1. So with the 1.4 Å probe, I'd like the accessible area per residue for the chain, rounded to whole Å².
2. Assigning unit charges at the beta carbon (Lys, Arg +1; Asp, Glu -1) and nothing else, what dipole magnitude in debye, to the nearest 20, does the chain show about its Cα centre?
3. Output wanted: per-residue J couplings in Hz (rounded whole) for region 128-139, from phi through Karplus 6.51 cos²θ - 1.76 cosθ + 1.60, θ = phi - 60°, x for Gly and Pro.
4. Cα axis of helix 74-91 to longest principal axis of the chain: angle in degrees, 0 to 90, nearest 10?
5. Could you state the angle between the C-alpha long axis of helix 103-114 and the longest principal axis of the C-alpha atoms of the chain, as a value from 0 to 90 degrees rounded to the nearest 10?
6. Would you mind working out the magnitude of the charge dipole of region 59-131 relative to its Cα centre, with +1 at each Lys and Arg C-beta and -1 at each Asp and Glu C-beta, to the nearest 20 Debye?
7. Go through 35-48, 122-135 and give me the packing order, highest mean Cβ count within 10 Å leading.
8. Compute a Gaussian network model of the chain, connecting alpha carbons closer than 10 Å, and tell me which residue from ARG91, ARG121, ARG80 fluctuates the most.
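The values are calculated or read from the model by the stated rules, or taken from the named source; none is laboratory data. For clarity, every value in this text was computed on a predicted model and none was experimentally measured. Here the Cβ positions follow ideal geometry from the backbone for every residue, glycine too, while neighbour counts run over all protein chains shown. Keep in mind that these areas ignore ligands, DNA and RNA; they rest on the heavy atoms of the full protein, side chains included. Shrake-Rupley method; radii C 1.70, N 1.55, O 1.52, S 1.80 Å.
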Amino acid sequence: MILLDTTIVIDAHYGVGDDKVRARNLISSAVIESGAAINCITLAELYAGPRRGDDIEADMRQSGIGVLDLPAGAAAICGRAYTRYRLNRARSSGGRAPGVPLPDFFIGAHAELLGWKLATRDVERYRTYFPAVELIEPAAGR
């Protein structure tokens, strides 16, 4: 299974040029080969994004993309990774991080917990805080 980060879904729908083509190809391959899914965090980000409406979840399912709840087991992984992020940000004079984990940390924790690959454009944060997760970058291919 490949868990899709919000950036991939947005690129597939609203991207331009190569970004759009790569994201669509990545999703199509994932659906056919190993399965593709988003979790409820990505779904919430999509609902808050540029295309609002009640049909987003139905569109995902119709495209062969599963929509999953976030397992409770991901909470501890998310919290530990976010704690490391906050400490690193404070040490680097990056200012105070929000007290609540950012959505990417829930998505990364979900992929790590289940041993899934994660497709994303935002590889640096995931690579740093979720080193056990195999990342798929659209620009790099599969």
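1. Details: 7450 Å² over 142 residues.
For the chain, the solvent-accessible area averages 52 Å² per residue.
2. 620 debye
3. Karplus values, whole Hz, x for Gly and Pro: 6, 9, 9, x, 7, 8, 6, 9, 10, 9, x, 5.
4. Helix 74-91 and the main axis of the chain meet at about 60 degrees.
5. It works out to around 80 degrees.
6. 400 debye
7. With the highest mean Cβ count within 10 Å placed first, the list reads 35-48, 122-135.
8. Residue with maximal mean-square fluctuation among ARG91, ARG121, ARG80: ARG91.
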